[in-house]
Amino acid sequence: MLPEFLQSPNAYLLVKVAARCNIDCSYCYWFRDQSVYAKPKVMNAAVLTQLLKRIEEQIIRFSLKEFSMLLHGGEPMLWGIANFRLMAEECRAISARTGCAFDLAMTTNGVLIDEAWLDCFERNDIHVTLSIDGPSHIHDIHRRTFQGGPTHALVEEAVRLLQKRGIQFGVLAVCNPAYHPEEFVDYFRGMAINDFDIMYPDATFDENPPHVAQFYCDLFDLWLEANRDKRTLHIRSIENMVAGLLGGRSKSEEIGYAPQEVCTILTDGSMEPLDVLRIAGDGSTQTTFNIFDNTLEDIKCEPRWSMTREASLNLSDKCKQCRFLEPCGGGYLPHRFSKHNGFDNPSVYCDDLYATLSYIQSSLEKHVYVSKPSGDKMSIGEAVTIARASRSPRDSLTAR
Amino acid sequence: MPPLTLAILASLLQVQGADATITSDNKGVDDLLADIRGQLQQVDPNAPWVTPAAAVSNYTKTVHGKGIYHKGKYSKQEGVIR
């Protein structure tokens, strides 16, 4: 019998509708692999038509009720407003034929957003996520134009336009541990942005990025305080760590033990594994599969995609012995890559992840209880100790 | 205390009695627990507290990545970034 994942439909695609960008961020993973310059600048009509054909095949074959696409780049808005409208129209036509709903989303640097684009987002129900690295003095360190100019004011204008129109959006930042996270949180909250994430800077195991543990411990404290009496602040990475430590599952690929199964479609129709793996160097995600010769399901038989999935599940010996194996999962797969060992490493941020998870765990012990309707409550640590004592030695052989 | 798992939570609730619940005095943490409380009803409280390696081995065989989101897709339905 085939493994479950081979029988499961692929209902999510990362679609690179543009392979170039209109700004020049110093930390960008995409252009660390020079082979992106060999790809067409934007997706053409023939590739889009074939992609939609493959998606409809997939929907019919598996009777899918929902299909999600994240439109990405480079900068996806370089694809042009007409192409966004066309794609959305075609998706609606597929929905009408199949009954499958489409969930279209886009991650953008925001500098091209204007009223016409807002009309496009609204009319076509395209969900928007903006990249903003907090206040201008942090954002403009890395996120600059090709002429070296700042971009923060342009993105801030996009925020105002979206908010004026009442369009909800998400925000992604990249951590800069040289600054206190309060600067990020205060800035976002001052802009009425209460739902965002601050991601680890991308780095392979061969690099030596600055430590981020203190940043994330402080960020957790800010999240905890903001949500003390009322849920007013969502920070994705923090919430995924908390959920993982409480026995739940992370909903992000960046933390938590789970298989890496993203299929990336490039501007020429090539099919590749996770795009961020390009930080491993030139051609590191290259395959011979494409949507003209292959179905979307074929990616599961592609050697590099399969190797990526296996690597995401087969953790290093250090991870296998770690008490945080499940909530951490070795961190983000690209951060485990080294030229010498491939992915057989812990994360380059292993010490930071361990310190952050330990800190959050100790805080949760003070805030989580077993409660009774009578009002009696017992700390979670004490309840675990009692439960462990009640079990047979064989059943409680957890090392965690 | 070890990082919690659904099996650990289910078994400690069994010990504490049917009316016991896992709660937090912090609204943010309690909101995240709400999702977990919902899942607990489907967990066998007598399931072994397996080692991480055993849990991983089982997970590798059975689970695929559905529900794992890539780099921040804003979810209008949930009103949050996933």
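Quick note: the coordinates plus some simple rules give every number you see, no bench work behind them. All values reported here derive from a predicted model rather than from experimental measurement. When we count neighbours, we look across all protein chains shown, and the Cβ atoms used for this are built from the backbone with ideal geometry, even at glycine.
Of the residues A:105, A:120, A:163, the one whose Cα sits farthest toward the positive end of the charge dipole of chain A, with +1 on the Cβ of Lys and Arg and -1 on the Cβ of Asp and Glu, is A:105. Rounded to the nearest 10 degrees, the inclination of helix A:115-124 to the longest alpha-carbon principal axis of chain A is 70 degrees. Per residue of peptide A:193-202, the mean number of Cβ atoms on other chains within 10 Å of the residue Cβ is 2. Of the trypsin sites (Lys or Arg not before Pro) found in region A:178-263, the ones in coil according to DSSP and having at most 12 other Cβ atoms within 10 Å of their Cβ are A:230.
Straight Cα distances below 12 angstrom link residue A:366 to the aspartates and glutamates A:382, B:25, with same-chain residues fewer than 8 positions distant left out. When you restrict to C-alpha pairs under 8 Å that are six or more residues apart and normalise by the size of chain A, the relative contact order lands at 17 percent.
Other protein chain C-beta atoms within 10 Å of residue C-beta, averaged over A:165-174: 3. Residues in region B:10-23 carry Karplus couplings, in order, of 5, 6, 6, 5, 4, 5, 7, x, 5, 8, 7, 9, 8, 9 Hz; the curve used is 6.51 cos²θ - 1.76 cosθ + 1.60 with θ = phi - 60°, and Gly or Pro positions show x. Here the dipole of region A:59-185 is about 440 debye; that uses its Cα centre as origin and unit charges on the Cβ of Lys and Arg (positive) and Asp and Glu (negative). Taking the Cα centre of chain A as reference, the dipole from Cβ charges on Lys and Arg (+1) and Asp and Glu (-1) amounts to some 820 debye.
Sequentially through region A:377-382, phi angles give Karplus couplings (6.51, -1.76, 1.60; θ = phi - 60°) of 9, 10, 4, 5, x, 5 Hz, Gly and Pro residues having no value and appearing as x.
Counting neighbouring beta carbons within 10 Å and listing from fewest to most, the residues A:102, A:169 come out as A:102, A:169. Evaluated on chain A, the Kirkwood hydrodynamic radius is 22.8 Å, with distances taken between all distinct Cα atoms.
Rounded to whole numbers, the Karplus 3J(HN,Hα) couplings from phi for region A:146-152 are 5, 8, x, x, x, 10, 4 Hz, using 6.51 cos²θ - 1.76 cosθ + 1.60 with θ = phi - 60°, and x at Gly and Pro.
Here is how the number arises for chain A: DSSP H runs of 4 or more residues each give -39500 (n - 2.57), the sum is divided by the residue count, and the result at 222 nm is -11500 deg cm²/dmol.
Here is the link list: A:318/A:339; A:320/A:377; A:16/A:164; A:39/A:300; A:41/A:164; A:251/A:339. Which ones come out longer than 26 Å on Cα distance? Long pairs (Cα-Cα over 26 Å): A:320/A:377; A:16/A:164; A:41/A:164; A:251/A:339. Farthest towards the positive end of the charge dipole of the protein assembly as shown, among the residues A:153, A:213, A:64, is the Cα of A:64, using unit charges on the Cβ of Lys, Arg, Asp and Glu.
First check a/c for region A:1-138, with a ≥ b ≥ c the square roots of the eigenvalues of its C-alpha gyration tensor; if it is under 1.5, answer rounded, and if not, answer prolate when a/b is larger than b/c or oblate otherwise. Here region A:1-138 falls in the prolate category.
Quick check: from the Cα gyration tensor, does region A:142-281 come out rounded (a/c under 1.5), prolate or oblate? In terms of gyration-tensor shape, rounded. As a rough footprinting exposure proxy, the listed residues A:146, A:292, A:84, A:196 were ranked by other beta carbons within 10 Å of their own, and the order from fewest upward is A:146, A:292, A:84, A:196.
Given a Förster distance of 35 angstrom, what is the FRET efficiency for residue A:358 paired with residue A:391, based on the Cβ-Cβ distance and rounded to 0.05? Efficiency for this residue pair is about 0.90. Taking packing as the residue-averaged number of other Cβ atoms within 10 angstrom, the listed peptides A:214-222, A:116-124 run from highest to lowest as A:214-222, A:116-124.
Counting Cβ atoms of other protein chains within 10 Å of each residue's Cβ and taking the mean over peptide A:256-268 gives 3.
In plain terms, the chain from residue A:207 to residue A:288 could stretch by 26.2 nm, reckoned as 0.36 nm per residue minus the Cα-Cα distance. DSSP finds beta bridges in the protein assembly as shown, and of those with both partners inside it, around 35 percent are antiparallel.
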